[in-house]
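As structure tokens, the structure follows; a few thoughts come after it.
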Amino acid sequence: MKNVLSIAFATFAAVSAAPAQVGFDRILQAEKEPQNWLTYSGTLKSQRYSTLNQITTGNVKNLELQWVYQARSLEKYEATPLVVDGVMYTVQNPDDVVALDPVTGRVFWTFSYTPSPDSRPCCGRLSRGVAVLGDKVFIGTIDARLIALDARNGKPIWNVEVDKPADGYAVTHAPLVIKDKVIVGVAGGEYGIRGHIDAFDAATGKQVWRFYTIPGAGEKGNETWAGDSWKTGGASVWVTGSFDPDLNLTYWGIGNPGPDWNGDNRGGDNLYSDSVVALDADTGVLKWYYQFSPHDEFDYDAVQVPVLAEIPWPGSTGLRKVMMWANRNGLFYVLDRANGQFLLGKPFVKVTWMKGFDEKGRPMKVPEAQSSREGTLIYPGNQGGTNWYNPSYSPATGLFYIPAWEDYSSLFVKQDAEYVKGQQFGGGGPRNLTPPVVAGGFNYRKEGEQYGVVRAIDPKTGEKKWDFPMSDVTDAGIMTTSTNLLFSGGREGYFFALDARDGKLLWKATLGGRVTSGPMTYSINGRQYIAVCAGSSLFVYALRQ
Amino acid sequence: MRKIALVLLTAVSLAAQHEATDAKYTKTDIGIGNRLYIANCIYCHGPEGDQISGVDFTHGKFPRSRSDDDIVKIIRDGIPGTGMPAQKMEEPQIRTIVAYLRSLPASAGQALPAGADVARGKVLFQGKGQCTNCHRAQGAGSYFGPDLSDIGMLRRAVELDQSLSDPNAVIMPPNRMFRAVAADGAAIPGRILNQDTFTVQLIDSKERLLSFQRSALKEFSPINTSPMPSYKDRLSAAERADLVAYLLSLKGIQP
């Protein structure tokens, strides 16, 4: 009888793994358990690089669809799922959380959430993902709340306000867990908010620290805003940050100054808009910053996840701790992540707003690089040389991979802007000179018109190594593996695998909807899976058996 | 006292007039507004903006608004109790529509001549003009060129006349022609229907819907001139006016 019970229990355990505690030590060393995907960007270095090696350049052509999760939402699906000890956690837009069996796609539980009618995120009623710590799952919501759920049944444990949705605040990115804290930043740069990044106690939801992305009166940096413009200067946070445990620094990209396209009343550099900030992870105190686009009038943001790596660098002994960044402003950067020192900056697409850097790494703008009443033609255009789309760095190839828009421009038009709490505060906007060549799902493009590309860059030089051009532009993130595979997609609905060494196409599938997310990979019982969101569904592939 | 009131009234009216004409719009604004107008407004208001009783954009007739801000408000909020719905657009976009509407009176004099005749235009379309060799209208003609069955909903007289006289002046992206060269060297010109990174879709002069893998083609390149001849010398000005009158009468097929 005892044996029968044991067998029954063992069978049960095999099909329904009990969620284990995810201590921060596991997240810190996520690369040691590549079968899981424990944090939004894979690891706290945010390379979106996996050492799972079952799928190779030789057999990737044998990938086969395993299951599809069709979300009950038609919103863009920009999320990257997590996989933790046999359970996948992801979102259903705007802010539901779903726990699924990563082998079959069957749903264990759903946490359904109805955001406040006050919520008004400018650019999609969506979430890009969740975070885990211990036995909890965390989601930031478009009505600017942070909610902790019980990982086992999806019931809320705590639910706290981050800020006021009626004033334009929202949270759209996956939270970042560092030690015993959950960190989120606020969106709302199109509503005249004053941005901030907050850390909450993961156990209780109590706020531990707040860093304002715009310095207050009397604080250093406040002088970079004319008059009271700092009070409505935007500087939001759209994507998740990264963490270096040795330096105890957490890095975040900060969004555009507001009003987006009219800088007349916010003279100065407008710190820390369009910057990366390095914060003490325990206190939120600013340690250094680097501003990519001072006094931005083109909505360039700094809307990327900071990618951390250790690479050889001229003049450095051993490997140097760097941060790599392909910015919406069309430039690829390498910074020393200990102190923010500018090491390299180079255009990765056509750029006309600047003509180089001064000796301190500050961009030298061309005089005409400002929005105007009649419109100023600038490359890259408003959507950027890239955008929030996840890049990847592969230690195997030493290359940095960017989902990029090439030959892309906008006319930047300035209009008057009056701040009204909770209302859009843009001051103009981008225009296109010609009728769209891709519209309503139809593509009439000719050579020489804007296009999307997966672009491989050597981070040591900023030189392009190869291109995989597409007929339409792309909003898809990138993931690479130690077997020299690169997974990405595009607006045309293709999901594909390239050889990360030369960009050669190895495999593709048609998913029938835009790929607007970053792919990820995991392994269950020795079988490697690849997951990606396209349209309003999540698709999961594995090798044919 | 009466005199003061009169002066005030004049001042107010001058101010209103000033407000109505003050906005300076660029060619870009007008071009973008034109596209948005076609996409959002033309179905009810028509290409000349005169399809709603009492409203005539080409002649500056806006019965419920005087200033540009008034028009923006109406487009944004709609007019309750009428067929005018609120539009889900941001104000900068709405402003470009206002720019386009304000540009229309400048071409008011280029409207169709008084004697232009739809019936004569139809005869020209199907006969001397040989338009049906490439175009289709009301269920008859070739599928190769753009279908004109609803062109009267989409274009103004001045635009249609320009296309007849100078077909290369404006070629909209959906009307672009491409040349596909197959592996055996056979060249197939066609109007582009769609494409992506790996495939292209065309309709050719034999009215075939064709789809190719790019990898199977030796060449796929745009033909940058319109295959349509100029009618500037092929038809008289009066004939062109008749043809334009016929095209303007094409308001789509109700199945």
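The values are calculated or read from the model by the stated rules, or taken from the named source; none is laboratory data. All values reported here derive from a predicted model rather than from experimental measurement. As a convention, Cβ positions derive from the backbone with ideal geometry for all residues, glycine included, and neighbour counts pool all protein chains shown. What goes into the accessible areas is simple: the full protein's heavy atoms, side chains included, and nothing from ligands, DNA or RNA. Shrake-Rupley method; radii C 1.70, N 1.55, O 1.52, S 1.80 Å.
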| note | Counting only protein heavy atoms with a 1.4 Å probe and every protein chain in place, the carbon and sulfur fraction of the accessible surface of the range B:173-223 in whole percent equals 53
| note | Computed for chain A: size of charge dipole around the Cα centre, +1 on C-beta of each Lys and Arg, -1 on C-beta of each Asp and Glu, debye to nearest 20, value 1140
| said: For the ranges A:354-363, B:161-170, B:226-235, what's the packing order if you count other beta-carbon atoms within 10 Å of each residue, average per peptide, and put the highest first? | reply: B:161-170, B:226-235, A:354-363
| task | Rounding to the nearest 20 debye, state how big the charge dipole of the range B:173-223 is about its Cα centre with +1 on each Lys and Arg Cβ and -1 on each Asp and Glu Cβ. | result | 80
| task | Whenever you get a sec, compute what percent of the accessible area on the range A:241-328 sits on carbon and sulfur atoms (1.4 Å probe). | result | 53
| In whole Å, how far is the Cα centre of the range B:163-187 from that of the range B:115-146? | 20
| Over all residues in A:442-454, what is the mean tally of Cβ atoms on other chains that come within 10 Å of each residue's Cβ? | 4
| message | Probe of 1.4 angstrom, ligands and nucleic acids ignored: what's the accessible area per residue over the range B:19-108, in square angstrom? | response | 53
| Looking at the range B:71-148, which chymotrypsin sites (Phe, Trp or Tyr not before Pro) are DSSP coil and have at most 13 other C-beta atoms within 10 Å of their C-beta? | none
| Estimated [θ] at 222 nm from DSSP helical runs (n ≥ 4, -39500 (n - 2.57)) normalised by residues in the protein assembly as shown, nearest 500 | -4500 deg cm²/dmol
| message | Just to confirm a number: summing +1 for Lys and Arg and -1 for Asp and Glu over residues other than A:Gly384 whose beta-carbon lies under 10 angstrom from that of A:Gly384, what do you get? | response | -1
| remark: Using a 1.4 Å probe on heavy atoms of the protein chains only, the accessible area for A:His295 in Å², nearest 10, reads 40
| field | Cα-based helix-to-principal-axis angle, A:2-15 vs chain A, degrees rounded to 10 | value | 20
| field | Distance from the range A:479-526 to the range B:205-228 (C-alpha centre basis), Å | value | 30
| note | Gyration tensor on Cα atoms of the range B:87-189, a ≥ b ≥ c root eigenvalues, a/c under 1.5 rounded, else prolate if a/b beats b/c, else oblate, says oblate
| note | Neighbours of B:Ala186 by Cβ distance under 14 Å: Lys/Arg at +1, Asp/Glu at -1, summed charge +1
| note | Sorted list, accessible surface of protein heavy atoms, 1.4 Å probe, largest first, for A:Cys122, B:Cys44 is B:Cys44, A:Cys122
| task | Pick out, from A:Phe400, A:Tyr113, A:Ala144, the residue whose Cα sits farthest towards the positive end of the charge dipole of chain A, with +1 on the Cβ of Lys and Arg and -1 on the Cβ of Asp and Glu. | result | A:Phe400
| field | Cleavage-rule hits, GluC sites (Glu not before Pro), the range B:162-255, DSSP coil, Cβ neighbours within 10 Å at most 15 | value | B:Glu207
| said: Quick one: 3J(HN,Hα) in Hz for the range B:152-166, Karplus 6.51/-1.76/1.60 with θ = phi - 60°, rounded, Gly and Pro as x. | reply: x, 8, 10, 10, 8, 4, 5, 6, 5, 5, 5, 5, 5, 7, 9
| remark: Calc'd 3J(HN,Hα), the range A:145-161, phi into Karplus 6.51 cos²θ - 1.76 cosθ + 1.60 (θ = phi - 60°), Hz, glycine/Pro = x, comes to 10, 10, 10, 9, 10, 6, 4, 8, 9, x, 7, x, 9, 8, 8, 10, 7
| request: Just flag the trypsin sites (Lys or Arg not before Pro) in the range B:85-154 sitting in loop per DSSP whose Cβ has no more than 14 other Cβ atoms within 10 Å. | output: B:Lys88, B:Lys128
| said: Can you classify the range B:19-108 as rounded, prolate or oblate using the Cα gyration tensor, where a ≥ b ≥ c are the square roots of its eigenvalues, rounded means a/c under 1.5, and otherwise it's prolate if a/b beats b/c and oblate if not? | reply: rounded
| said: Need one number: buried accessible surface between chains B and A, 1.4 Å probe, both sides summed, DNA, RNA and ligands left out, in Å² to 100. | reply: 2100
| query | Given H placed 1.01 Å from N in the peptide plane, which residues other than close sequence neighbours of A:Trp288 have an amide H under 5 Å from its amide H? | reply | A:Ala278
| message | So if each residue of separation counts as 0.36 nm, and I subtract the Cα-Cα distance between A:Lys231 and A:Arg152, what length gain in nm does that give? | response | 24.2 nm
| Overall form of the range A:485-545 per C-alpha gyration tensor (a/c, 1.5; a/b vs b/c) | oblate
| request: Please compute the net charge surrounding A:Tyr401, taking Lys and Arg as +1 and Asp and Glu as -1 over other residues with Cβ under 10 Å from its Cβ. | output: +3
| task | Take peptide A:421-431, look around each residue's Cβ out to 10 angstrom, count Cβ atoms belonging to other protein chains, and average those counts. | result | 2
